[in-house]
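The values are calculated or read from the model by the stated rules, or taken from the named source; none is laboratory data. Just so you know, these numbers come straight off a predicted model, no measurement behind them. With ideal geometry, Cβ positions are generated from the backbone for all residues, glycine too; neighbour counts draw on all protein chains shown. Note: areas computed on protein heavy atoms with side chains; ligands, DNA, RNA excluded. Shrake-Rupley method; radii C 1.70, N 1.55, O 1.52, S 1.80 Å.
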Amino acid sequence: MLQETRLHRIRALLTTLHQVSTERIITELGISRETARRDIIELEAQGVARRVHGGLVAVESQEEAPLRVRLSAQAKEKRAIARAAACLLQPGQTLFLDAGSTTTMLAEELRTMSGLTIITNSLQAALALSAGEERDTLNNEVILLGGVMGAGAQQTRGESTIAEICRFRADVALLSPVGIDAKAGASSFYPHEAAIARAMVQQAARTVLLADHSKIAVVSRVVYALPSNISVLVTDAGGQHPAALKALRQALPEVISV
């Protein structure tokens, strides 16, 4: 069993139970104690959980707002970020797009381009990319990843989604994190969303983050990409975090501010 699959299953247990013993991890996953120990250390490093005697306890964080709410928050800034990110792309490239408010706006911008292959787990992004009449020809190839749907969710997720991501190699992963920090990197609130983003980062040659000023210096519950894994950050000039933005410019290869 791949480590990412093991970590996904342990995160699912944490989401349900809040606390999971080492013995349960060994039994549920059918792995050795040493493998369980390594996975526990990795999950703590990602910020998903805190090690306690005999197992793991989930780390609490502020829950992310629903997508419909996030689409209206900082909408002007997100639209500018999406347009700037689109300018980084070229026809013929294969892209990963995760499910987020800014990446949904990016999908709308990508409709004006052609020759792209866009792979996403976001229903909103897929619908935006394929909008039109049935007889119309799309400018880009759009691949919607399969997987599990949660109540009210507008995205696919789970082990089958991650397995599908691992079948592809992309030129660029374009992701919308809950938070981006110069030391911690990119993070999400929900473990299943972080697992999708992490898999996309691993399967892409470059990673571009789309994050408005409200996400700067924020570390959410699950870290999915270290600063060394991030190629470009596209953000806006608003907010009250000049020191944090300066630190990001020093930590990352490129920061674009719109």
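Some points to look at:
- Accessible heavy-atom area order of E23, E77, highest first, probe of 1.4 Å: E23, E77
- Residue by residue, region 222-233 carries 3J(HN,Hα) couplings of 10, 7, 10, 8, 6, x, 5, 8, 9, 8, 9, 10 Hz when phi is fed to the Karplus relation 6.51 cos²θ - 1.76 cosθ + 1.60 (θ = phi - 60°); x denotes Gly or Pro.
- Within the accessible area of region 89-186 (1.4 Å probe), percent carbon and sulfur: 45
- Antiparallel %, DSSP beta bridges [both residues in the chain], to 5: 40
- Mean Cβ count within 10 Å, highest first, over the residues of peptides 118-125, 25-32, 178-185: 118-125, 178-185, 25-32
- List M149, M1, M113, ordered by accessible area with a 1.4 Å probe, largest first: M1, M149, M113
- The string of couplings for region 34-48 from the Karplus curve (6.51, -1.76, 1.60, θ = phi - 60°) is 5, 5, 4, 4, 5, 5, 4, 4, 5, 5, 5, 5, 6, x, 6 Hz, one whole number per residue in order, with x for Gly and Pro.
- Phi to ³J(HN,Hα) by Karplus 6.51 cos²θ - 1.76 cosθ + 1.60 over region 202-207, Hz, x for Gly, Pro: 5, 9, 10, 6, 9, 10
- Burial ranking of peptide ranges 10-17, 131-138, 205-212, 93-100 (average Cβ count within 10 Å, highest at the top): 93-100, 205-212, 10-17, 131-138
- Listed values (1) 52, 40, 38; (2) 54, 46, 31; (3) 60, 41, 35 include one computed from this model; for Cα extents along the principal axes in Å that value carries the label (2).
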